[in-house]
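What follows is one structure encoded as structure tokens, with my remarks underneath.
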Amino acid sequence: METETGAEDTARRPTEQLTYRAATSADVEALVALVQSAYRGDSSRAGWTTEADILQGQRTDPRGVLDVIEASGSRLIVVERGGALVACCQLEARGAGVAYFGMFAVRPGMQGDGIGRRVIADVERIAREELGAREMQMTVITVREELIAWYERRGYRRTGVQTPFPYGDERFGLPTRDDLAFELLVKPLLPGDAAEAAGAAAVTR
């Protein structure tokens, strides 16, 4: 059995390309652990996407991950390098040329290696070419200014449209402050936007 450290070492091998596939129920446990490690608890502090200072408790749970896998029009994408899980994200068709990007997580020790930038470019290409999407949408917690700035550098735009954080629902964590909300970010998906993603594998439905 490969340890987490061993898996990370394998995933860092520069000759290995990222591969993409649709998640199955067999991936649920590993995906919950990945998402949790990227955002919550002390382990998340190894990366810059941590929410540990604003939210405690869980980021997701097995039921939540399985719901995304099984939802109509939704794909939970497993990203691997050298057979090791390095990232995941949700891609959902929402009709009228709109796709939604969510549940994005990269191994904390590998954040800053360019994996996140590559994954989002690849998934934008998939959304455009396979789903016919002309716009990608996502929601980000408004106080995550550094994360929002990262998405803005990828071409996303703040809309000012906000939805309340689900206070009182422990499935989404235990807030340590009372001013949390989600803001909608959008990006038009234009031909050629994801040139760096050329050659990436299509995701199995």
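Site pair residue 134 and residue 45 shows an inter-label distance of 4.7 nm when each label is modelled 7 Å from Cα along Cα→Cβ. Derived scalar couplings between HN and Hα for the stretch 48-53 equal 8, 8, 3, 10, 4, 7 Hz in order, rounded to whole Hz, by the Karplus curve 6.51 cos²θ - 1.76 cosθ + 1.60 (θ = phi - 60°), x for Gly and Pro. Stretching residue 146 away from residue 176 to a fully extended chain increases their span by 8.9 nm, per 0.36 nm per residue minus the current alpha-carbon distance. Taking every full run of DSSP H in the chain, none both stretches at least 20 Å from end to end by Cα along its long axis and averages 0.0 or higher on the Kyte-Doolittle scale.
When Rg and Dmax of the Cα atoms in Å is calculated for this entry, the matching label among (i) 16.2, 47; (ii) 20.2, 68; (iii) 25.1, 79 is (i). Estimated from helical segments only, the mean residue ellipticity of the chain at 222 nm is -8000 deg cm²/dmol, where each DSSP H run of four or more residues counts as -39500 (n - 2.57).
What you get for the stretch 110-164, charging only the Cβ of Lys and Arg (+1) and of Asp and Glu (-1), is a dipole of about 140 debye around the Cα centre. Extending 7 Å from Cα along the Cβ direction at residue 19 and again at residue 154 yields two label points whose distance is 2.3 nm.
Residues considered: 147, 18, 85. Largest GNM mean-square fluctuation over the chain, using C-alpha springs under 10 Å, is found at 147.
The magnitude of the dipole of the chain, with charges of +1 and -1 set on the Cβ of Lys/Arg and Asp/Glu and taken from the Cα centre, is near 540 debye.
Readers should treat all values here as calculations from the given coordinates under stated rules, not as data from a laboratory. All values reported here derive from a predicted model rather than from experimental measurement. Using ideal geometry, Cβ is built from the backbone for each residue, glycine included, and neighbour counts are taken over all protein chains shown.
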